[in-house]
Amino acid sequence: MCEVIVVASGKGGTGKTTVCAGLGVALAKENKRVLIIDCDSGMRGIDMVLGISDRLVYDIADAVSGECERADAMYQVDGVPQLYCIAAPLHADDEVSPSLIRNFIDEVRDRFDYILIDSPAGTGSGFIAAAKGADRALVVVNTEPISIRGCRNISRLLDELDIKDRRLIINRFERDRFFKMGLYGDLDEVIDEAGMRLIGLIPEDIRVIALSQRGALTTNWSQTAVIFDSIVKRLQGVDVPVLIK
């Protein structure tokens with residue numbers, strides 16, 4: 001049975017798209033058939049991170065409007081045979097409605113084990129469209145009060161959408177900087193304020209940022225890949241401890 005997961009963040013700049021791509025790669029390595037849908041109209045980025053921009057002809061708006069066959073908008077990611085991606089529209093005016101996104105997911109979900117939805121940052125209509133058809137949510141934050149406030153806003157909307165299964169991913173964590181900033185006493189305080197169970201702690205890694213900007217995230221990209229593998233195991237119900245260093 002396919003599981004639909006929306007990857008969200010309350011504010012921009014948390015690294016949500018890179019996290020979504022990393023999870024997709026890790027799931028595909030587990031021999032899961034995965035589709036990533038970019039719903040961030042006007043700010044699409046998943047195609048760049050996964051290196052398919054040069055091949056793009058169709059996007060999610062084309063697929064739901066009948067401008068192309070659904071399969072024609074699903075681009076297989078080079079080097080990862082089980083991973084497919086659908087780009088968001090290039091212009092914000094072409095944002096797809098929640099009902100159309102949900103109908104599209106219902107029509108294609110039997111082809112995949114997982115559908116990951118890269119949501120726009122924030123709590124606007126784009127987020128509602130992205131989250132409407134999801135079974136569970138992953139909320140990506142940084143260890144900053146504005147980011148945590150955004151997480152709580154997202155959580156309230158997830159309640160309204162009746163998405164009860166949600167987990168927290170702390171991304172771009174750098175221990176020395178965290179304590180020097182003095183915004184929180186420890187990570188437990190961050191988790192408590194976010195109000196969600198932690199499923200992953202991803203460190204700051206300049207190599208991951210560089211690879212994602214080059215469209216090369218699917219290559220063998222440092223120790224951080226092991227952390228994504230662990231998050232994927234937790235998503236599948238495997239009891240893997242979250243190491244907080």
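The table for this structure:
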| read-out | value |
| --- | --- |
| Packing-based order for 92-98, 129-135, using average beta carbon neighbours within 10 Å, highest first | 129-135, 92-98 |
| Among Phe228, Phe173, Phe127: highest mean-square fluctuation, GNM of the chain, C-alpha pairs under 10 Å | Phe173 |
| Most mobile listed residue (Asp113, Asp192, Asp62) in the chain, GNM with C-alpha springs under 10 Å | Asp192 |
| Candidate aspartates and glutamates - alpha carbon under 14 Å from Lys32, same-chain residues fewer than 8 apart omitted | Glu3, Asp110, Asp113, Asp229 |
| Entry for Rg and Dmax of the Cα atoms in Å (calculated from the structure that is shown) out of [x] 16.8, 49; [y] 18.1, 57; [z] 16.8, 53 | [z] |
| Beta bridges per DSSP with both ends in the chain, % antiparallel, nearest 5 | 5 percent |
| Size of charge dipole - the chain - debye, nearest 20, with Cβ of Lys, Arg +1 and Asp, Glu -1, no other charges | 700 debye |
| Pairwise FRET efficiency - Asp135 versus Cys68, Cβ, R0 = 45 Å, nearest 0.05 | 0.95 |
| In sequence order, calculated HN-Hα J values of the stretch 81-96 (Karplus, 6.51, -1.76, 1.60; Hz; x Gly/Pro) | x, 8, 10, 10, 9, 10, 7, 7, x, 6, 10, 4, 5, 9, 4, 8 |
| Burial ranking of peptide ranges 177-184, 71-78, 7-14, 156-163 (average Cβ count within 10 Å, highest at the top) | 7-14, 71-78, 156-163, 177-184 |
| Listed residues Asp47, Asp188, Asp229, most fluctuating in the chain (Gaussian network, C-alpha, under 10 Å) | Asp188 |
| C-alpha center-to-center spacing [the stretch 35-87, the stretch 101-115] in angstrom | 14 Å |
| The chain: DSSP helices with Cα axial extent of at least 18 Å and average Kyte-Doolittle hydropathy no lower than -1.0 | 16-29, 145-160 |
| Label point 7 Å beyond Cα of Arg55 along Cβ direction - residues of the stretch 83-123 with amide nitrogen under 17 Å | 83-88 |
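Every number here is computed from the coordinates shown, using simple stated rules; none is lab data. Note that the coordinates shown come from a computational prediction; the quantities given were computed from them, not determined experimentally. Virtual Cβ from ideal backbone geometry, glycine too; neighbours counted across all protein chains shown.
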